[in-house]
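The values are calculated or read from the model by the stated rules, or taken from the named source; none is laboratory data. Quick caveat, the model's predicted, so the values are computed rather than measured. Please note: Cβ atoms are built from the backbone with ideal geometry, for glycine as well, and neighbour counts cover all protein chains shown.
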Amino acid sequence: MRASSWTWFGTRSVSKAGTTLSWNTLADQPAITQARSTDLASIIGRYADDIESAPRGLFLALDHATFVGILTNAIVGLLLVVCATRREIWAWADALVFWGINVGLATFLVGLVGNEAVIKRIGTPIMGASILLGLLTAAIRLRGQPTLSPTTTVAA
């Protein structure tokens, strides 16, 4: 696959999935030194002696960040890359899907860490609607794709 065939969402989403794997990149920035408190190594170190004292929402947020931040972004991004040849169909949806998934995720994570149901109820429908829009966009783009048929080559 040529790099030029990747959609805007596909490259953004796959690269976001990769950067979500390492929170240390963010924590190494001088202006964001407090981000280290969300680093998994810091959490393990802080609560190693008494894991039961760790806030439950923090571990749930890490779990959801991994699943949605990495897997959902990668899967939806790669799905839209597959149908990049028909990107002109609903081209506006790529950016909306990307930002909807990630803003919804960020809002939901704030609700998990803060144990606030109201905040989670705001982020969840944004994230869910964006995932559904991404799947619908891919389905509509793939629906018109020509089917691949096996070809035979004759040796000269």
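In region 47-67, which residues are under 30 Å from Gly134 (Cβ atoms), in contact with a Ser or Thr (Cβ under 9 Å, 6 or more places away or on another chain) and not polar (S, T, N, Q)?
Leu58, Ala61, Leu62, Ala65
Suppose we filter region 85-116 for residues that are buried (at least 19 other Cβ atoms within 10 Å of the Cβ), closer than 12 Å to Thr137 by Cβ and modelled with pLDDT under 90; how many remain?
Number satisfying all stated conditions: 1.
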